[in-house]
Amino acid sequence: MEPFRYSPLPAGGDTVRILRLLSGGEADEIQCELSSRKLAEISDHKTYEALSYCWGKPGGEVKISIQEEGQARNSTILVQPNLHGALSAFRYKETPRNLWIDAICIDQSNEEEKNRQIPLMRRIYEGCSSVVI
């Protein structure tokens, strides 16, 4: 699989990405889907949960499988071990789980996107159904 490349979010709006963590056992490979949604449309306190965790020190990244909505191919993205562990532990065995996770839902290599997304974080956390820690 090739490395994941983010599709750009529309400029000047309140569009965010939501991660759909696919079901599986704790030892199974992490598989995810990423979609873009208007924050105003999903801030209903039931569409997604937000994950709050300690990023940890850089190094020892782990690959997870990710597919962007509308794309036919799976790609891989590197995540810190702490995040990989959280995804493994919080994944449901039978059903997918919708999450907002800053390290994945914001393109961390794109300073312009980070500058647009960080001011939305208060609304992101206020609109989620719960915060998973």
Among (i) 19.1; (ii) 15.1; (iii) 15.6, the entry derived from the coordinates for Kirkwood radius over Cα pairs in Å: (ii)
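Go ahead and estimate [θ] at 222 nm for the chain from helices alone: -39,500 (n - 2.57) per DSSP H run with n ≥ 4, summed, over the residue count, rounded to 500.
Numbers: 5 runs with 32 residues, N = 133.
Taking each H run of at least 4 residues, the total per residue is -5500 deg cm²/dmol.
Could you check how much of the accessible area of the chain is carbon and sulfur, as a whole percent, using a 1.4 Å probe?
Values: 3680 of 7350 Å².
So the carbon and sulfur contribution to the accessible surface is 50 percent.
So which chymotrypsin sites (Phe, Trp or Tyr not before Pro) in segment 51-115 end up in coil per DSSP with only 14 or fewer other C-beta atoms within 10 Å? Intermediate values should be presented prior to the final figure.
Numbers: sites: TYR53, TRP55, PHE90, TYR92, TRP100; in loops: TYR53, TRP55, TYR92.
Filter output for segment 51-115: TRP55, TYR92.
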Karplus 3J(HN,Hα) series, Hz, for segment 81-93 with 6.51 cos²θ - 1.76 cosθ + 1.60 (x for Gly, Pro): x, 4, 5, 4, x, 5, 4, 5, 6, 8, 6, 7, 6
Segment 20-54 residues near the modelled GLU94 label - backbone nitrogen below 15 Å, point 7 Å along Cα→Cβ: 23-25
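Just by accessible area at a 1.4 angstrom probe, what is the order of MET1, MET121 from largest to smallest? Could the numbers behind the result be given before it?
On the way: MET1 140, MET121 45 Å².
The ordering from most to least exposed comes out as MET1, MET121.
If we count every other residue with Cβ under 11 angstrom of SER88's Cβ, Lys/Arg +1 and Asp/Glu -1, where does the sum land?
Here the charged neighbours net out to -2.
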For the chain: accessible area per residue (Å², 1.4 Å): 55
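The values are calculated or read from the model by the stated rules, or taken from the named source; none is laboratory data. Since the structure is predicted, the reported quantities are computational estimates derived from the model, not experimental observations. Here the Cβ is made from the backbone with ideal geometry for all residues, glycine too, and neighbour counts use every protein chain on show. The area values use the complete protein model at the heavy-atom level, side chains included, leaving out ligands, DNA and RNA. Shrake-Rupley method; radii C 1.70, N 1.55, O 1.52, S 1.80 Å.
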